């Protein structure tokens, strides 16, 4: 995998918590799987606990940048993939 740096567009695959208050047979409950989610965003940074992504950016290089962000705990992350520019149809 390529090294991921600030500003790279990435997809994070992560396991979500499943909570369901409906009644089910125990045989069904015993085999249910965690939902695998995908979050797409621009990589900001990471530490020992989480990965930080920006999902929206406001401003320009000449003005103060502000971002909408998502923090994903590392404990639930299955994989992080860098999105290549050629996959976006960029020229």
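The values are calculated or read from the model by the stated rules, or taken from the named source; none is laboratory data. All figures in this text were calculated on a predicted structure; none of them were measured in a lab. Reconstructed Cβ throughout: ideal geometry from the backbone, glycine too, with neighbour counts over all protein chains shown.
Quick notes
- Residue list for region 3-26, restricted to those being loosely packed, with under 10 Cβ neighbours inside 10 Å and over 15 Å from residue 42 (Cα atoms): 17, 18, 19, 20, 21, 22, 23, 25, 26
- Which numbered condition residue 31 misses (of (1) at pLDDT 95 or above; (2) in contact with a strand residue (DSSP E or B) (Cβ under 6 Å, 6 or more places away or on another chain)): (2)
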